[in-house]
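Engineer: Can you keep this structure in mind? I'll have questions shortly.
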Amino acid sequence: MVNLRKNLSNVFGWRTKRKIVVIESDDWGSIRTRSKKDYDAMLSKGLELDRSIFTKYDCLESNADLENLFEVLFRHKDFTGRPVVFTPMSIMANPSFEKIKASGFSEYAYEPFTETCKSYPNHDRVHALWQKGIKERLFVPALHGREHLNVSRWMKELRNENEGLRLAFEHQSVGASWYKGCRLPAYLAAFDPETEVDIQSYTKIIETGAAIFQSTCGYEPRYFIASNSPEPKSLEKVLKMAGVDYLTRYKFQKYPLGNGKFSYELNWLGKHNKQDQVILTRNCGFEPSDPSNKDWVDACMSEIENAFKWHKPAIVSSHRVNYVGFIHHDNAAFGLKELDRLLTNIINRWPDVEFMQSVELGDLIDD
C-alpha cells in the first residue's frame, strides 16, 4: 500500500528527465524554546515538551547551527559544480512578549526575527549568515509566514489565562502541546480561521510578513507555504500581490473557509491556479530527528528513486528541527551527520544530479 501511494503521488503533473533534487526546510526564523534552562524549567512545571521533537529540540537557529549546516552543504557538489542548496521556508517575526505583557494581554505585538536574535546569546551573526547563504546560493529563503502562530487564537487563550500557555509565555516559548497530561489548544497554524472574519485579518499579516522578508533578504518572496495547515484559498490573490509566484500544495488540498467549513481541490506538480501561480508538491521526506523511522536516509533514497522513475524532481521536506543544536547539541550533530550521508548517497547513486532551490525549479516549470 505504501509503495502504491508513492507511485500514485508521482503519476500526474510536470515531468523532466533531469535528476533534480530540491530540499525545502520549514520553520527558520521562528522561536520555540529560548534555552536549555527554560526547557528544563517548563518540563519540571508540567509542560510536556519531551513528547514531540519540535518542542524537545527545535529552537531559533544560532550562529553555529548555520555555520555547521553551510559546511555540510558546501562539501557536496552536483554535476554542474554547484553546492547543495537549501530552501529555508522562513518565519519573519516572533511575538514581542514584553509588549504583550505590558498591554495586559489586550494587544498583540511582534518583532522581526532579527530583533529576536539580539536577545539570544550566540545569535548575533544570524542575519549576516542568512545573507552569506543567499550570496553563496547555499541557503535561499522563501516565505513561510510572518509568525508561526495563530495570533487571534493564541491571544484569546492567554487572555483566558490558559495555565499551560501562560507558563510557556513566561519562558518566551511557543509550541507546547501538552500540559499535565492534557492537550493544549492548537495555535500554531497561522492561517487557520475559526470564522470568516478571521480571514480578513490575514491580508495584513501576509503584507507585513512579505515586507519584512524583502527588507531582510533583499528580494520579494516568490515562493510560499503556510505554517502547519493550508491558508484559505482566497489569500492566493493577496500572496500574488506580495510577489509570490509559486505555492506548495498537498496533492489533495483542504482549504479552510471558517466556521468549520472547507473546500477541496486536487493539485499536481506544475498546475496553474487562477492567479497564474504554479503549484509545487513535495514527494520526499527526511526528518532524522524523528525516531519513528529507523533509517531516514534509506527511506528518502527510496522516495527520490521513485520520483526519478516517474521523471519527476525530488522535492524533499526536511524541517529546521533536524539541524539545530542550541538546546540539544547532539540533535544537530546527528542530523548533520545523516544529511551528509544522504547527500553522499545521492551523488554516488545519481552522478548527474542537480541541486536546485524551489524558485529555480518553479522558473524551470513555468518556462
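Engineer: Given the options Gly325, Gly335, name the one that is part of a loop (DSSP other than H, G, I, E, B) and at pLDDT 95 or above.
Structural biologist: The match here is Gly325.
Engineer: Go through (1) in a loop (DSSP other than H, G, I, E, B); (2) within 18 Å of Leu336 (Cβ to Cβ) one by one and return the number of the condition Met301 breaks.
Structural biologist: Of (1) in a loop (DSSP other than H, G, I, E, B); (2) within 18 Å of Leu336 (Cβ to Cβ), only one is false for Met301: (1).
Engineer: Go through the stretch 86-99 and give me each residue that's touching a strand residue (DSSP E or B) at 6+ places or on another chain (Cβ under 9 Å) and surrounded by fewer than 22 Cβ atoms within 10 Å (Cβ to Cβ).
Structural biologist: Ser96, Lys99
Engineer: Being buried (at least 19 other Cβ atoms within 10 Å of the Cβ) and closer than 23 Å to Lys274 by Cα, is that true of even one residue in the stretch 144-155?
Structural biologist: Scanning the stretch 144-155, I find at least one residue that is buried (at least 19 other Cβ atoms within 10 Å of the Cβ) and closer than 23 Å to Lys274 by Cα, so the answer is yes.
Engineer: Within the group Arg222, Arg249, which residue is in contact (Cβ under 8 Å) with a residue 60 or more places away in the chain and buried (at least 16 other Cβ atoms within 10 Å of the Cβ)?
Structural biologist: Exactly one of Arg222, Arg249 is in contact (Cβ under 8 Å) with a residue 60 or more places away in the chain and buried (at least 16 other Cβ atoms within 10 Å of the Cβ), namely Arg222.
Engineer: Within the stretch 117-133, can you find the residues that are more than 11 Å from Glu61 (Cα to Cα) and crowded, with 17+ Cβ neighbours inside 10 Å?
Structural biologist: Once the filter is applied, which keeps residues that are more than 11 Å from Glu61 (Cα to Cα) and crowded, with 17+ Cβ neighbours inside 10 Å, the stretch 117-133 yields only Gly133.
Engineer: Going through the stretch 198-237 one residue at a time, which ones are of a type outside the set (Asp, Glu), in contact with a helix residue (DSSP H, G or I) (Cβ under 9 Å, 6 or more places away or on another chain) and over 21 Å from Asp26 (Cα atoms)?
Structural biologist: Those that are of a type outside the set (Asp, Glu), in contact with a helix residue (DSSP H, G or I) (Cβ under 9 Å, 6 or more places away or on another chain) and over 21 Å from Asp26 (Cα atoms): Ile199, Ser201, Thr203, Ser234.
The values are calculated or read from the model by the stated rules, or taken from the named source; none is laboratory data. All figures in this text were calculated on a predicted structure; none of them were measured in a lab. Don't worry about glycine lacking a Cβ; one is built from the backbone with ideal geometry, like all the others, and counts go over all protein chains shown.
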